[in-house]
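The values are calculated or read from the model by the stated rules, or taken from the named source; none is laboratory data. Predicted, not measured: the structure shown is a model, and the values here were computed from it. Positions of Cβ are generated from backbone atoms using ideal geometry, with glycine treated the same way; all protein chains shown enter the neighbour counts. The area values use the complete protein model at the heavy-atom level, side chains included, leaving out ligands, DNA and RNA. Shrake-Rupley method; radii C 1.70, N 1.55, O 1.52, S 1.80 Å.
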Amino acid sequence: MALLEVKNLGISFGGLRAVDGFNVSIEQGQLYGLIGPNGAGKTTVFNLLTGVYKPDSGSVVLDGVDITGKKTIEINKDGIARTFQNIRLFKDLSVLDNVKVGLHNGHPYSTLEGILRLPKYFKVEKEMNEKAMELLKVFDLDKECDFLASNLPYGKQRKLEIARALATQPKLLLLDEPAAGMNPNETKELMDTIRFVRDEFKMTILLIEHDMKLVSGICEELTVLNFGQVLAQGDTSTVLNDPRVITAYLGE
């Protein structure tokens, strides 16, 4: 059984069919790419998968559980985490505290316990600090743990956003144009990071990306969207050589 099974997913905005009949099946441990020209509906698909939008047709099943139409926080607890094309960090919080925000999903204490600083509060905070530092070490960010997130270089902010997403212990990680704004050296480092995350955390990854070098270098399978519909789907080399895909990008 596939980890993610999406069938006939769709949504309209003001009469415009933004996504129409989207289907995808992603196996556990796959590195899967979602590509297409600007405005093709890629980020809309991510928003449907994560509960930002509710689909008006179709279904989303994660690890055998139907999560169609659930709220974002519920979907995150069920096992989907994401990053964003425009980095969304808590820039006035420290690097460490950004990761701890993700950890709060699985290490709850009550508001009363937090306000009164009861023993459970200190126990949970200690555990979260230790786990956050472990994640930061993985991404070579532990030395900057006390820095404000806004003071990190751009490439490290990208890494921090991925670390925070992983802190929620997802089954599926969605990366929305992680190479956006990166120079070639940063992109190469990002490719290594994504491979490492997949291998080290046994993570299934679905990414949106415009950088074809990155896509061809790490994605095992691809779906190409155009005008909200699937244009091509299959193994990466076959899809990237499909004349319809080439035409769609040349016409972008």
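A few comments on the model shown:
- Any hit, the stretch 226-243, residues being surrounded by fewer than 16 Cβ atoms within 10 Å (Cβ to Cβ), of a type in the set (Val, Ile, Thr) and not in a strand (DSSP E or B): yes
Residues are listed down the side, and each one gets a yes or a no for (1) open to solvent by less than 10 Å² (accessible area, probe 1.4 Å); (2) in contact with a helix residue (DSSP H, G or I) (Cβ under 6 Å, 6 or more places away or on another chain); (3) of a type in the set (Gly, Ala, Ser); (4) in contact (Cβ under 8 Å) with a residue 12 or more places away in the chain:
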| site | (1), (2), (3), (4) |
| --- | --- |
| 135 | no, yes, no, yes |
| 145 | no, yes, no, yes |
| 158 | yes, no, no, yes |
| 163 | yes, yes, yes, yes |
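- Of the residues examined, residue 102 is not one that is among the small types (Gly, Ala, Ser), at pLDDT 90 or above and open to solvent by less than 50 Å² (accessible area, probe 1.4 Å).
- Residue list for the stretch 40-60, restricted to those being more than 30 Å from residue 211 (Cβ to Cβ) and surrounded by 17 or more Cβ atoms within 10 Å (Cβ to Cβ): none
- Number of residues in the stretch 61-99 that are surrounded by 17 or more Cβ atoms within 10 Å (Cβ to Cβ), more than 18 Å from the chain's Cα centre (by Cα) and charged (D, E, K, R): the value is 1.
- Scoring residue 107 on the criteria (1) assigned to a loop (DSSP other than H, G, I, E, B); (2) at pLDDT 95 or above; (3) not hydroxyl-bearing (Ser, Thr, Tyr) leaves a single failure, condition (2).
- Residue check for residue 173: of a type outside the set (Gly, Ala, Ser), touching a residue at least 24 places away in the same chain (Cβ under 8 Å) and either in contact with a Pro (Cβ under 8 Å, 6 or more places away or on another chain) or part of a loop (DSSP other than H, G, I, E, B) (or both): no
- Candidate set from the stretch 16-57 (those that are part of a loop (DSSP other than H, G, I, E, B) and small (Gly, Ala, Ser)); member that is nearest to residue 190 (Cα to Cα): 29
- Residue list for the stretch 137-159, filter: hydrophobic (A, V, I, L, M, F, W, C), modelled with pLDDT under 95 and in a helix (DSSP H, G or I): 138
- Failed condition for residue 162, given (1) at pLDDT below 90; (2) assigned to a helix (DSSP H, G or I): (1)
- Within the stretch 209-225, tally of residues that are open to solvent by 70 Å² or more (accessible area, probe 1.4 Å) and touching a residue at least 60 places away in the same chain (Cβ under 8 Å): 1
- Annotation note: Cβ proximity below 7 Å between a residue of the stretch 64-77 that is more than 13 Å from residue 52 (Cβ to Cβ) and a residue that is at pLDDT below 95 and exposed (fewer than 13 other Cβ atoms within 10 Å of the Cβ) (sequence gap 6+ or interchain) occurs for 64/1.
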